[in-house]
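This report refers to the structure that appears directly beneath it.
The values are calculated or read from the model by the stated rules, or taken from the named source; none is laboratory data. Small disclaimer: the values here were computed from a predicted structure and weren't measured. Every residue, glycine as well, gets a Cβ built from its backbone with ideal geometry; the counts of neighbours run over all protein chains shown. These area figures cover heavy atoms from the full protein model, side chains too; ligands, DNA and RNA do not enter into them. Shrake-Rupley method; radii C 1.70, N 1.55, O 1.52, S 1.80 Å.
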Amino acid sequence: MSQAADVKTLGTSQARDELDRLHDLLVQADAAYFQEDKPEISDAEYDALKRRYLAIEERFPDLKRVDSLSQAVGAPPAEGFAKVRHAVPMLSLGNAFDDEDVADFVQRGRKFFERDKDLDLAFTAEPKIDGLSASLRYENGVFVRGATRGDGTEGEDITANLRTISEIPQRLSGAGWPEVLEVRGEVYMTHADFAALKARSVAEGGQDYVNPRNTAAGSLRQKDPTVTARRSLKFFAYGWGEVSAPIATTQYDAVMRLGEWGFVINPLMIRTTEIEALLAHYREIEAQRATLGYDIDGVVYKLDRLDLQQRWGFVSRAPRWAIAHKFPAEQATTILNSIDIQVGRTGTLTPVARLQPVTVGGVVVENATLHNEDYIAGRDSTGQPIRDGNDIRIGDTVIVQRAGDVIPQIVAVVAEKRPADARPYVFPERCPECGSEAVREANPKTGKLDARRRCTGELICPAQSVEQLKHFVSRNALDIDGLGDKQIAAFHADGRVMQPADIFTLEARDARSLKKLKDQEGWGETSARKLFAAIDARREPELDRFIFALGIRHVGESTAALFARTFSTFTAFREVARAAGNGDAEAHGALIGIDGIGETVVQSVSAFFANERNEKALDALLAEVTPKAYVVSAPADSEIAGKTVVFTGSLERMSRSEAKAMAERLGAKVSGSVSGKTDLLVAGPGAGSKLKQAESHGVTVISEDEWFELAGQE
Ligand code: IVH
């Protein structure tokens, strides 16, 4: 490429000529690349031409050609990707790590359907592709929109990028597809394409690519679809989302139909009723793993009949009717150079191993978790050996393990290789961040010491408050655009944001401040304005996200969702939690009565609301934000929606867990005990004390048959 003049110095007519020249070059390069499969210029050169082309367009908007290349494949919105709400959530999968877990899964299914006589449950088994899931929407057979999984409920619109993948049909073939069909599957990159891309990039001195999965992810998130198009991506279809009419009655047949409509489906899918056959297929796939040509990280088993899938249902974000049988983790041997302590948002001191860099399953690992003090010592607090009973010392040769997305861990010491000068590690008893005492709490029930040592500094500990804030704005919590770990750390360090409420008063304080955000390094007028707008947009967060964002110990996403569903409003939840914190037995009972909530959670929720500093921080926060009331999305005509139901006695038409799943599907809350808040008691034969309690509370009591009638399933 000749030395081209700076775009800023171009006059209008020069700019027009230059734009035309670049246009021709790019069109020619695209043709060579896509149609002839023979790239004429390097990716780096292509990118430089493209950047210059876009810069001219930006400076001379009037010169933009009607066939502008910035619009060629459908330019994405300048702001990044638009959000797409999934009408049917995109779920994740529970894991099985050995044959026994798989047998348990099949047994759970058999038990769930035990009342259905002579039912021989069939399951499918297929590879779990290590890529990114995508949802493709077809209307009248035409591809109209494609989205990432995102948080499962809301993804990003990456239609333009997906259109560049040749294995994704623009139009469905064959016949019989429903008017609306959302196809779900995995976008991935083959080993061969990955190696070629990497080689090209190395030759050009470009970026390094870590592994096919990350590269596929990066390619899908390109703002410029022509860049995506230059990375060869592929797609396997294995499921569906919204459909205007059922596409089959079994998983297997549904996938076959996707194949008939033009999708690539994985050839290694089978269907069987035997656990042994599932496990044999797992071993078969494992044996082929190295020669498949693409990364897989396990085998997925799914209950075949779709009506039974529906009945078996879901737990939080994963279906009960499917499970991923993961391949064993990959391991490597290296040297432990040192141990650092990290302080998490709840004050836990976690030891992190700094390692001699080593490649584990294709990824370079330099850090790994050592879990806790006992894990390093090789003994628990009562002196029982952990792992092989060896302690881990600095200088030791250790075995590191990596599995999927989890943090690498040290699983063993190679005792024979211990150098003479290796010293045992002394775990600190003070927080390295704030100097407060770090203690191990005793479990109130068992009296056993907690394996974790925690900093007692709470609010004065900078590590805890900054980690808490990062959690507060994180993706599955308040999810504030443009406010990530980096910004939070900086705002915390310069004192702008010390507690969650400060985020929402940032703009008002900034207006009065002499040190305006827009003048700070890394910020400008536009980015500051955008941030304030993004913060403003989250002043009415969803209740489950809000509860999760508070960072109460042991309250993860699904527990937060349970509270949201049970209490509907934050005020109601806070009132009960506060009362429980003050020792009110009825409030404690209301919390522990929620199905899926145990004593540990109740203790930690009570302690959170009994803490005055937390209450103050909450008051400040609630002066700025108003969590939305949680609306249960249930069939509008369900008479059961919103009711609190208790099951008792023996049920004859369904198992207890099916009864619960069914009630939840219809929008009811299921409780384990009867109280004044119970609306319905479904009593089977042999009902005892709960029936009496219901009668004394004046709760409506119905039979199992009446329940089915009420559910409209008669
Ligand atoms: S089924 C409702 N099948 O694994 C079931 N998922 O850990 C949802 N994945 O997000 C998924 N291969 O990205 C299914 N054959 C397969 C899969 C598969 C890969 C991914 C998918 C999902 C993740 C869950």
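So the values come out like this:
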read-out	value
Solvent-accessible surface ranking, highest first, for Ser166, Ser568, Ser219 at 1.4 angstrom	Ser166, Ser568, Ser219
Whole-number percent relative contact order across the stretch 220-310, with pairs defined as alpha carbons under 8 Å at least 6 apart	28 percent
Charge dipole (the stretch 567-714, unit charges on Cβ, about Cα centre) - positive-most of Thr569, Val605, Met662	Val605
P(r) of the stretch 109-214 over all Cα-Cα pairs, binned every 10 Å from zero, in whole percent	12, 28, 28, 21, 9, 2, 1
Antiparallel DSSP beta bridges within the chain, as percent of all bridges there, nearest 5	85 percent
Dipole magnitude (debye, nearest 20) for the chain, charges at Cβ of Lys, Arg, Asp, Glu	1080 debye
Nitroxide proxy distance, nm - points 7 Å out along Cα→Cβ at Ala489 and Phe97	3.0 nm
Gyration tensor verdict on the stretch 300-352 (Cα atoms; rounded if a/c is under 1.5, prolate if a/b is larger than b/c, oblate otherwise)	oblate
For Tyr294, solvent-accessible area (1.4 Å; no DNA, RNA or ligand), Å²	20 Å²
Lys, Arg +1 and Asp, Glu -1 on Cβ, resulting dipole of the stretch 205-283 about Cα centre, debye, nearest 20	380 debye
Gain on full stretching of the segment that runs from Ala620 to Ser604 - 0.36 nm per residue minus C-alpha separation	3.6 nm
Within straight-line cross-link reach of Lys234, lysines at Cα separation under 20 Å, skipping those fewer than 8 residues along the same chain	Lys38, Lys128, Lys198, Lys223
Largest to smallest accessible area among Leu69, Leu19 [probe 1.4 Å]	Leu69, Leu19
Protection proxy ranking of 642-654, 502-514 - average other beta-carbon atoms within 10 Å, highest first	642-654, 502-514
For the stretch 458-519: relative contact order, % (alpha-carbon pairs under 8 angstrom, 6 or more apart)	23 percent
Percent of Cα-Cα distances greater than 18 Å, calculated over the stretch 411-492	64 percent
Ranked order, Cys434, Cys461 - accessible area, probe 1.4 Å, largest first	Cys434, Cys461
Whole-number accessible area per residue in Å² for the stretch 170-235, which is evaluated in the context of all protein chains at 1.4 Å	44 Å²
Gain upon complete extension [Arg59, Ile270; 0.36 nm per residue less C-alpha separation]	70.2 nm
Solvent accessible area, Å² - Phe97, 1.4 Å probe, full protein context	140 Å²
Restricting the stretch 516-576 to GluC sites (Glu not before Pro) in coil, as DSSP defines it, with at most 15 other Cβ within 10 Å	Glu521
GluC sites (Glu not before Pro) within the stretch 226-310: DSSP coil, no more than 14 neighbouring Cβ in 10 Å	Glu274
Taking the C-alpha atoms of the stretch 261-324, convex hull volume expressed per residue in Å³	126 Å³
Estimated FRET transfer efficiency when R0 is 41 angstrom, pair Lys628-Ser381 (beta carbons, to 0.05)	0.40
Using distinct alpha-carbon pairs, which all enter the 1/r mean, Kirkwood radius of the stretch 330-476 in Å	16.4 Å
Global size of the stretch 144-268 as Cα Rg and Dmax, reported in angstrom	16.0, 53
Straight-distance crosslink candidates among lysines, where the alpha carbon sits under 29 Å from Lys515 and sequence neighbours closer than 8 are dropped	Lys470, Lys486, Lys530, Lys616
Computed over the chain, Cα set: Rg, Dmax in Å	28.9, 91
Average accessible area per residue (Å²) across the stretch 509-569 - probe 1.4 Å, nucleic acids and ligands excluded	50 Å²
Lys326 accessible area, assembled protein chains, probe 1.4 Å, Å²	40 Å²
Protein accessible area in the stretch 237-305, 1.4 Å probe - carbon and sulfur %	54 percent
Within the accessible area of the stretch 491-640 (1.4 Å probe), percent carbon and sulfur	50 percent
Inter-label distance for Lys692 and Lys518, nm, one decimal - labels placed 7 Å from Cα along Cα-to-Cβ	7.3 nm
Tensor-based shape of the stretch 551-646 (alpha-carbon gyration tensor, a/c under 1.5 rounded, otherwise prolate or oblate)	oblate
FRET efficiency, 1/(1 + (r/R0)^6) with R0 41 Å, evaluated for Arg221 and Asp388 via beta carbons	0.45
Cα centroid of the stretch 572-627 to Cα centroid of the stretch 426-471, whole Å	21 Å
Computed magnitude of the charge dipole of the stretch 482-560 (debye, nearest 20; Cβ of K, R +1, Cβ of D, E -1)	220 debye
Whichever lysines have a C-alpha closer than 30 Å to that of Lys692, once near sequence neighbours (fewer than 8 apart) are set aside	Lys111, Lys643, Lys660, Lys669, Lys677
Accessible area in square angstrom per residue, the stretch 298-373, 1.4 angstrom probe	38 Å²
Apportionment of accessible area to carbon and sulfur, the stretch 321-467, percent (1.4 Å)	48 percent
